[in-house]
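The values are calculated or read from the model by the stated rules, or taken from the named source; none is laboratory data. Since the model is a prediction, treat every value here as computed from it, not as a measurement. For neighbour counting, all protein chains shown are included, and Cβ atoms are generated from backbone atoms with ideal geometry for every residue, glycine included. Protein only, heavy atoms only, side chains kept; ligands, DNA and RNA dropped before computing areas. Shrake-Rupley method; radii C 1.70, N 1.55, O 1.52, S 1.80 Å.
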Amino acid sequence: MFIITVAGKEKEGAYSVVDDDGEQVLYIFEEEDDAARYAMQLEELDFPLMNVLEIESDLMIHTCETHGHRYAIISKNDIVIPPDKTDANL
């Protein structure tokens, strides 16, 4: 699986969005191509240069659940549209 980070700041955290409840949600993509396409869409909206990182899904999910972070697994059948910058966390 794959997450998106700001290029050069991979160790500082991953890209997430704010849901309708005001909570940060980490997007975990099943497909690298989908993550790369989403990262390009972010860059087209004047976000910083993004990087797609392959992750161990079980470890990432366990970490999110241990620390009470929300996450969403984005399958190849899901359609996600980047929010404006005010609804994202870099």
Quiz prompt | Pairs with Cβ under 6 Å, 6+ apart, first in the range 58-81 and outside any strand (DSSP E or B), second of a type in the set (Phe, Trp, Tyr) | solution = Cys64/Tyr71
Practice problem: Answer yes if at least one residue in the range 31-47 is open to solvent by less than 50 Å² (accessible area, probe 1.4 Å), in contact with an Asp or Glu (Cβ under 9 Å, 6 or more places away or on another chain) and at pLDDT below 95, and no otherwise. | Solution: no
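Among residues belonging to the range 58-84 that are surrounded by 12 or more Cβ atoms within 10 Å (Cβ to Cβ) and modelled with pLDDT under 90, point out the one that is farthest from Asp19 (Cα to Cα).
Applying the first criterion (surrounded by 12 or more Cβ atoms within 10 Å (Cβ to Cβ)) to the range 58-84 yields 60-61, 63-64, 69-74, 78, 80, 82-83.
Imposing the further condition that a residue be modelled with pLDDT under 90 reduces the set to 82-83.
Numbers: Pro82: 12, Pro83: 10 Å.
Here the answer is Pro82.
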Practice problem: Provide a single number: the residues in the range 14-30 that are open to solvent by less than 60 Å² (accessible area, probe 1.4 Å) and without any contact (Cβ under 8 Å) to a residue 12 or more places away in the chain. | Solution: 1
